[in-house]
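Asker: Pasting in a structure now, in structure tokens, and then I'll have a few things to ask.
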Amino acid sequence: MKAQFQKIIINEESSFIAKELNLPRFDIEFHFHPEFELKYVSQSKGIRFIGDSVENFQEGDLVLLGPNIPHYWNNDALSCGSDNLSKAYLVMFSESFLGKEFFQLPEMSPIQDLLNQAKGGICFSNTGKFDIAGKLKRLISYEGPLKIILLLDILT
């Protein structure tokens, strides 16, 4: 399967994308893009393809992908939940969305380390204790500096 380049358009009124996906199923083709992608699956199950890794996913699946990693979540209508929807929170951002030097600051080294690790892709486990879903839900509704502060909190 050959991955297709996907051009991500970030609204001029925001420095990154944060949205909730409510779809009949995850059906975007195997693709890649230069942005980081954080995806939390709140409803659905199926098979996740990331690079050459193929694994099952289910509710609570949290993945951070670095730039240009081919990926695809695959499910069918039967695995999408009682209302036949696949739901997820999605955040997409470039490494320089806060400026080229921001993550080089000494205080940002834990996040820089995370972003460096994500260049190979990271699947997190035991995410419930950090209330990631709640934070991502709030992130979608926040505006202004609070939106950036909450994203930094999530990445921390």
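Asker: Where does helix 109-118 land angle-wise versus the long Cα axis of the chain, in degrees 0 to 90, nearest 10?
Answerer: For helix 109-118, the angle is close to 30 degrees.
Asker: Expressed as a whole percent, how much of the Cα-Cα distance distribution for the chain exceeds 18 Å?
Answerer: The share of Cα pairs beyond 18 Å in the chain comes to 59 percent.
Asker: Can I ask one more? With the other protein chains left in place, how much accessible area per residue, in square angstrom, belongs to the chain at a 1.4 angstrom probe?
Answerer: Using a 1.4 Å probe on heavy atoms only, each residue of the chain averages 56 Å².
Asker: Sticking with this structure for a sec: Percent of accessible area on the range 107-156 owned by carbon and sulfur, 1.4 Å probe?
Answerer: Carbon-and-sulfur percentage of accessible area, whole number: 56.
Asker: Please enumerate, by chain and number, the aspartates and glutamates with C-alpha under 16 Å from the C-alpha of Lys2, excluding those fewer than 8 residues away in the same chain.
Answerer: By straight Cα distance, Lys2 reaches Asp27, Glu29, Asp52.
Asker: Now for a separate question. In degrees, nearest 10, range 0 to 90: what is the angle between the Cα axis of helix 132-141 and the longest Cα principal axis of the chain?
Answerer: 70 degrees
Asker: Which pairs, out of Lys39/Lys87; Lys7/Lys137; Lys7/Lys87; Lys45/Lys137; Lys19/Lys100, put more than 18 Å between their alpha-carbon atoms?
Answerer: Lys7/Lys137; Lys7/Lys87; Lys45/Lys137; Lys19/Lys100
Asker: Same structure, new question: Can you tell me the orientation of helix 145-155 relative to the chain, as the angle in degrees between its alpha-carbon axis and the longest Cα principal axis, to the nearest 10?
Answerer: Helix 145-155 sits at roughly 70 degrees to that axis.
Asker: Here's another thing I want to ask about it. Pairs of alpha-carbon atoms within less than 8 angstrom and 6+ residues apart define the contacts here; what relative contact order does the chain have, in percent?
Answerer: 27 percent
Asker: Could you report the accessible area of Leu65 in Å², rounded to 10, computed with a 1.4 Å probe on the protein chains as they sit in the structure?
Answerer: Solvent-accessible area, nearest 10 Å²: 0 Å².
The values are calculated or read from the model by the stated rules, or taken from the named source; none is laboratory data. Here the structure is a predicted model, which means the values were calculated and not measured. Protein only, heavy atoms only, side chains kept; ligands, DNA and RNA dropped before computing areas. Shrake-Rupley method; radii C 1.70, N 1.55, O 1.52, S 1.80 Å.
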